[in-house]
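Below: one structure, written as structure tokens.
None of the figures in this text is laboratory data; all of them are computed from the coordinates on show. Predicted, not measured: the structure shown is a model, and the values here were computed from it. No Cβ is skipped: glycine too gets one built from the backbone with ideal geometry, and neighbour counts run over all protein chains shown.
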Amino acid sequence: MITSIANVSRALAEKKISCVELTEHFLTQIKSKDDKMNALLHTDEELTLAQAREADALRSNGDQRPFLGIPIIHKDIFVTKDMPTTCGSKILKDYMSPYNATIVDKFHQSGMTLLGKANMDEFAMGSSNETSHYGPARNPWHHDYVPGGSSGGSAAAVAAGYSLVATASDTGGSIRQPASVCGVTGIKPSYGRVSRYGMIAFSSSLDQGGVITKTAEDAALMLNIIQGQDYHDASTAKMPTEDFTRDLSVSVKGLKIGLPKQFFQSDLDPGIRTVIDEAIELYKGLGASFVSIDLPSLKYSIPTYYIIQPAEASSNLARYDGIRYGYRCGDANNLQELFMNSRHDGFGLEVKRRILMGTFALSSGHQDEFYKKALHARTHICNDFNKAFAEVDVILGPTCPRSSFKIGQLSDDPILMYLSDIFTIGVNMAGLPGMSIPAGFHHEFPVGLQLITNKFKESLLLRTAHQFQLHSQWHLATPKFLGY
Amino acid sequence: MIDSSLKVDNQLVRHVAKLAKISIHEDEIDQIRDSMINILEMTQQIEEVKSIKDTTFNTEALSVDDLPEDEVVHGNLIDYMNDHFKQFSQGYFRVPTFVSDD
């Protein structure tokens, strides 16, 4: 019964289970596994159970909200009034926000209860969860391996059965990549579809909040809740809300799916290639057709990303100065030292590296050669996707070039770590919606299939993913907890 | 155009760190310098990107040619403000003090 939000919602409505029973089930999972998994940074059992009891009382009084009493985990990048928000950083240790992020408020208004806050790479800067100040979350399929990042805690929590949904954020692949390596479903909506208010800013032109769930149907249900224009976030799009579940049952027959040449080059791991080829065959069997497409500027996506993103991060993270909130060093002789020492001690190495890179790229004399050039490259990437979507409905490929890797394996080589996001960054550059869904296994680790559609075509994206899951079992696989 | 001869040395790392208002200890500089060199090498690839003239994404609007040179402020910011801005001692830039009615 506790396999999807859709199922649980029905069970609650039919009184087959109470909100308290459901919550206790998840709390038991957390208590038995999270000492080793480290997927959560904050929990408050008393608060969560109180919310569950209140939800049961409301249901008894006739409240029929479909998600009332269903627990959710929020990535620790979303500010919450009821639990600390650290963004995986020492500089925000024990920080209590005076307000909720819009996403958090929307889930709260739908009646969902707060189960905990998920571990993440510090300020979402990482692809393995290893940059978290609070230690890495671990992959539920094997605890010596990374759960991906930056939303590694969210993906690991859903894969391990702590919850059926967790919020996540995606700046260069941070929803899709951990969803892929943990074997769960993740959606990064179009830029502007979902409010970023209260989602701690990292790279404002690329950041987008979304969800990680077990199924595409659940992702559609959750996106229904969080979509929409927000007057607190000027970058949200002024467009009507949609019911993303409406077309889920429509077949993919007749869909034209593009396979970017750049996703299938010779250096793609053959094990990953096999899984993707099998997915392509499944779609062919359902009546979709495939064409090869060219995204020639995609080769610039990593270098472009590592100019634009640090530049924006260096500006966004300037607010952490030891004065207004967060960690403050105790050994400063003057204001300047207070700023510099607080930022030195409060930020981890990867965050400092990116702030320095961004400051350099924006500094006098270098802005034209780096930042402006990167904006030109970004426009080329957008144009490539525009041309492709004039020809095809959906783009398909692997989410990651590899399955999970051992904790520590890439931490000394930032460039190799950055390449983990080689297939996902282009989507953020162009502001497109993208999903990762489980499509098979390689070396006993899940492999994700990435689906991409044109801007604001989430309905088509979710339908394409749902149809795959109707005809496959990969999303139902649960971790064997090797090494636990 | 990206200057391929750009030299990232410890002095540059210290300068950028001051601009970013982050203390960098001497024993950390080499590691940060090396990773900056590697990342900059990777970004060289965008040198071959053609500039876009006619596009809705008008990067010309982002021109910042008129901005002054970056300047690192040493020492106490209040002393610097007093030394460089007469208005500072006259009360400009100050946060208003709340006076209670009681």
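Things worth noting here:
- Three-way shape label, region A:116-167, alpha-carbon gyration tensor, a/c 1.5: oblate
- Kirkwood-type radius of region A:176-224, with distances r between different C-alpha atoms, in Å: 11.6 Å
- Separation between Cα centres of region A:203-228 and region A:69-116, rounded to whole Å: 16 Å
- Here's the list of lysines a cross-link from residue A:31 could span, going by alpha-carbon distance under 16 Å and ignoring same-chain residues fewer than 8 apart: A:117.
- Nearest-20 debye value, the protein assembly as shown charge dipole, Cβ charges on Lys, Arg, Asp, Glu: 1540 debye
- Dividing the summed helix terms, -39500 (n - 2.57) for each DSSP H run of n ≥ 4, by the number of residues in the protein assembly as shown produces a 222 nm estimate of -11500 deg cm²/dmol to the nearest 500.
- Our note on the geometry: Cα centres of region A:268-344 and region A:387-432, 10 Å apart.
- Taking trypsin sites (Lys or Arg not before Pro) across region A:254-349, the ones in a DSSP loop with at most 13 further Cβ atoms lying within 10 angstrom of their Cβ are A:324.
- Applying both filters, DSSP loop and at most 13 other Cβ atoms within 10 Å, to the chymotrypsin sites (Phe, Trp or Tyr not before Pro) of region A:12-118 gives A:99.
- Residues whose amide H falls under 5 Å from that of residue A:165, counting only those 5 or more places apart or on a different chain, are A:73, with hydrogens built in the peptide plane.
- Residue exposure sequence - A:394, A:20 - by fewest surrounding Cβ within 10 Å: A:20, A:394
- Taking GluC sites (Glu not before Pro) as exposed when DSSP calls them loop and at most 14 other C-beta atoms lie within 10 angstrom, chain A has its longest site-free stretch at A:15-390.
- Average other protein chain Cβ within 10 Å of Cβ, residues A:372-385: 5
- Members of A:261/A:387; A:284/A:455; A:75/A:457; A:238/A:372; A:299/A:406; A:256/A:387 lying beyond 18 Å, as alpha-carbon distances in this model show: A:284/A:455; A:75/A:457; A:238/A:372; A:299/A:406
- Counting, for every residue in A:357-367, the Cβ atoms of other protein chains within 10 Å of its Cβ and taking the mean gives 6.
- Counts of other chain beta carbons within 10 angstrom of each beta carbon in peptide A:341-354 average 3.
- Shown here for region A:1-50: trypsin sites (Lys or Arg not before Pro) in loop regions (DSSP other than H, G, I, E, B) with at most 13 other Cβ atoms within 10 Å, namely A:15, A:16.
- Here the dipole of region A:50-136 is about 140 debye; that uses its Cα centre as origin and unit charges on the Cβ of Lys and Arg (positive) and Asp and Glu (negative).
- Shape of region A:8-49 from the C-alpha gyration tensor: prolate (a/c of 1.5 or more and a/b above b/c, with a ≥ b ≥ c the square roots of its eigenvalues).
- Anisotropy class of region A:357-449 from Cα gyration tensor, a/c 1.5 cut: oblate
- The protein assembly as shown - Rg over Rh from alpha carbon coordinates, Kirkwood radius: 0.98
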